[in-house]
Amino acid sequence: MRLFRQLSLYMALTLGANAAFAIDPATLETLRDGDMKKLVVHTAPQPVSGAAFQLADDAGTATLADYKGKIVLLNFWATWCAPCRAEMPMLSELQTELGGDDFEVLTLATGRNSPTGIQKFFDETGIDNLPRHQDPKQAVAREMAILGLPITVLLDREGAEIARLRGDAEWNSESAKSIIRALIEAK
C-alpha cells in the first residue's frame, strides 16, 4: 500500500493537481444505464499500478504503462469466480465489436489461476480474442486496491484510472458500448 501511495503522489505531481479527462465525467454519467449504473466515474484520473504481470504463454511480463495510447477496459477476474466467468463472454463480445488500435479489453487473472485452467475455460466458452494474462501474486490488484472479484477498471489513453465497476456487468449492453465509444471518440 505504501508503494501505491508513493505512486499516487508521483502521479499527482506529474499530472498536476488539475489533471483532466479527455471527456467530461458528467457525459459518461449520462450514458450509464442498467448494470452500468454501478460504474463509478472518478472526478479526476487516478494513478494505476506500475507492477508487472505475466503475459500468457510464458511470453514475459508487461505493465499497464505498456497500454498507454488506447482506452483500456481492465478486468480483474479468476477462474473460480462464478460472476467473472459469467461476464467473460460479454467482454469478448465487446472486444470483437470495439477492439482495435483505440480500445482493448485486458483481462487479468488475479491470484491462483492455473494457465491450463484459464485455457480450458476459454476453450469451453469459445473465447479466443481476450488475453490470458495473470497477476499470480496479486501485485497489480493489491496496488490498485482490488477487493473482491470481478472488478473492472477503465483506463484513459494516458493510462490513468477514470472509472471502476465492482461486480459483474453486461459489458455487451448498449450502455457499456456507448460509454466505450464516447471514450474512444474523445481523443
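Structural remarks
- When we screen 154, 108, 147, 165 for residues that are within 19 Å of residue 56 (Cβ to Cβ) and either crowded, with 18+ Cβ neighbours inside 10 Å or not hydroxyl-bearing (Ser, Thr, Tyr) (or both), the only hit is 108.
- The residue that is nearest to residue 156 (Cα to Cα), counting only those in region 46-62 that are open to solvent by less than 60 Å² (accessible area, probe 1.4 Å) and out of contact with any strand residue (DSSP E or B) (no Cβ under 6 Å at 6 or more places or on another chain), is 47.
- For region 168-187, a residue qualifies if it is open to solvent by less than 10 Å² (accessible area, probe 1.4 Å) and in a loop (DSSP other than H, G, I, E, B), and the qualifying residues are 169, 171.
- Members of region 114-130 that are buried (at least 18 other Cβ atoms within 10 Å of the Cβ) and either among the small types (Gly, Ala, Ser) or in contact with a strand residue (DSSP E or B) (Cβ under 6 Å, 6 or more places away or on another chain) (or both): 118, 130
- Strands (runs of 3 or more DSSP E) contained entirely in region 61-150, each with at least 2 residues that are closer than 22 Å to residue 184 by Cα, in contact with a helix residue (DSSP H, G or I) (Cβ under 7 Å, 6 or more places away or on another chain) and without any contact (Cβ under 8 Å) to a residue 40 or more places away in the chain: 103-110
The values are calculated or read from the model by the stated rules, or taken from the named source; none is laboratory data. Note that the structure is a prediction, hence the values are computed from the model and not measured. Counting neighbours? That spans all protein chains shown, and the Cβs are built from the backbone with ideal geometry, glycine included. Just so you know, the surface numbers come from the protein's heavy atoms only, side chains and all, with ligands and any DNA or RNA stripped out. Shrake-Rupley method; radii C 1.70, N 1.55, O 1.52, S 1.80 Å.
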